[in-house]
Structure formats: C-alpha cells, structure tokens
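The values are calculated or read from the model by the stated rules, or taken from the named source; none is laboratory data. Note that this is a predicted model, so its numbers are computed, not measured. Heads up, the Cβs are rebuilt from the backbone with ideal geometry, glycines too, and the neighbour counts pull from every protein chain shown. Heads up: the accessible areas ignore ligands, DNA and RNA and are worked out on the full protein's heavy atoms, side chains in. Shrake-Rupley method; radii C 1.70, N 1.55, O 1.52, S 1.80 Å.
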Amino acid sequence: MRALSDLFPARVFPPCDYAEDALILALRLDLEEEIRKRLWYHVVTTREFHDDENESSTLPVELRTRCTNLLDSLISHFTALLFTPPATSHMGCTDVFAESWMTVVISPSLESHGVYRPLESLDMMKKIDWGSMGVCQSCVADKHEEWNEEADVVWKLLGEWLQE
C-alpha cells in the first residue's frame with residue numbers, strides 16, 4: 001500500500017498510463033479512501049467518459065459508468081463557480097474580476113478542459129497575478145482562501161459521491 005501511496009502522493013498528480021489499473025487494484029484491495037479518491041479523481045479528469053464506447057479504457061463498464069456519473073457531478077458542482085466572476089469587499093476589485101474573468105479564467109479553462117478539472121482550475125485561478133490587474137492584496141488573499149476552501153469542498157463531495 002505504501003508504494004501505491006507514493007505513486008499517487010497528492011490530490012492532483014501528473015498524467016500516467018497506469019491510473020486505471022491502479023484504481024482497479026485499489027478497489028479490489030479496498031485500500032484507504034484517500035488513495036481511492038486520488039485515483040478516481042485522476043481517472044475521471046484525465047479520460048473521456050462522455051462516450052460508452054471508450055475502447056482504450058481498461059475499466060469495466062460499471063466503473064466507466066461510475067466515472068461518467070462522477071464527471072457529471074464535478075461539472076454540475078463547479079460550473080457555476082467557474083462561470084461567475086467573484087464578488088469582493090471592494091467594488092473596484094469586484095469590477096476587475098468582472099472585466100477580466102472571461103479572458104483570464106473562463107477562456108483558458110475551456111481550452112484546458114478546466115470545466116471538469118476543478119482542482120486544477122482553482123490552482124490556475126490562484127496563480128493569476130490579480131494584483132497586477134488592480135485587485136488589492138486583501139481581496140487577492142480572500143479569493144485565494146475562498147478557492148482553497150472550494151478545493152476542500154470538491155474533495156469532500158468527491159468522497160460523498162463515491163459513497164452513493
């Protein structure tokens with residue numbers, strides 16, 4: 001179990017060719033929930049589950065169906081946050097978010113499949129230099145905290161969706 005945990009050390013990890021096989025193994029061995037969640041998230045956000053005829057998948061049909069359901073839940077939960085510029089405690093900062101959100105968040109997210117990759121999209125939002133666009137440091141810090149909290153919510157919900 002330690003070796004598998006070492007292979008998948010964080011919520012988000014680089015693409016790999018063996019994640020589906022690792023997920024099957026983790027499920028068969030009933031490994032700890034955190035490892036299974038990492039694998040589910042990775043498989044769901046790096047593969048195409050829009051089509052039942054995904055021939056390159058090594059997952060059995062019932063797991064592909066579960067992946068499709070998880071993907072639908074991720075998209076449903078995250079879409080509103082992704083497509084809505086955030087409000088802040090300062091009107092000027094809120095205006096900056098509103099004016100730049102489409103260009104610096106939505107368009108890049110659509111190009112990188114960020115709609116169904118919420119953890120990566122939230123990280124991308126935090127890496128944007130909002131201060132150089134005119135958002136004050138206090139509002140930047142507030143948004144970073146909010147986006148960290150949202151990542152935790154997504155992670156918690158993933159566990160709940162897997163229990164369904």
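Please give the contour-minus-distance gain from Asp129 to Glu164: 0.36 nm per residue of separation, less the Cα-Cα distance, rounded to one decimal in nm.
Gain on extension, Asp129 to Glu164, equals 8.7 nm.
Ignoring everything but the protein chains, give the 1.4 Å probe accessible area of Ser89 in square angstrom, nearest 10.
The accessible area comes out at roughly 90 Å².
Round to the nearest 10 and report in Å² the accessible area of Lys126, as given by a 1.4 Å probe over the protein chains' heavy atoms.
50 Å²
Roll a 1.4 Å probe over the protein chains and send me the accessible area per residue for the chain in Å².
Averaged over the residues of the chain, the accessible area is 54 Å².
Please report the carbon-and-sulfur percent of the accessible area for the chain; probe 1.4 Å, protein heavy atoms only, DNA, RNA and ligands left out.
So the carbon and sulfur contribution to the accessible surface is 53 percent.
Let me have the relative contact order for segment 14-157, percent, based on Cα pairs under 8 Å that are six or more residues apart.
Once divided by the residue count of segment 14-157, the mean separation gives 18 percent.
Ser89 to Glu111: FRET efficiency via 1/(1 + (r/R0)^6), r the Cβ-Cβ distance, R0 35 Å, to the nearest 0.05?
Efficiency for this residue pair is about 0.70.
Which value, in debye to the nearest 20, gives the size of the charge dipole of the chain about its Cα centre, when Lys and Arg are +1 and Asp and Glu are -1 at the Cβ?
The dipole of the chain has a size of about 280 debye.
When the helix-only estimate is applied to the chain (DSSP H runs of n ≥ 4, each -39,500 (n - 2.57), divided by the residue count), what is the mean residue ellipticity at 222 nm, nearest 500 deg cm²/dmol?
-21000 deg cm²/dmol
Need the full-extension length gain, Trp155 to Glu62, defined as separation in residues times 0.36 nm minus the C-alpha distance. One decimal, nm.
Extra length available between Trp155 and Glu62 comes to 31.3 nm.
Note down the nm distance, to one decimal, between modelled labels 7 Å out along Cα→Cβ at Ser100 and at Gln137.
For Ser100 paired with Gln137, the spin-label model returns 1.7 nm.
Which order do Val43, Val104 take by accessible area at a 1.4 Å probe, largest first?
Val104, Val43
Filter the DSSP H helices in the chain by two things, a Kyte-Doolittle mean of at least -0.5 and an axial alpha-carbon span of 20 angstrom or more, and list the hits by number.
Membrane-span-like by this criterion, though nothing is claimed about a membrane: 61-83.
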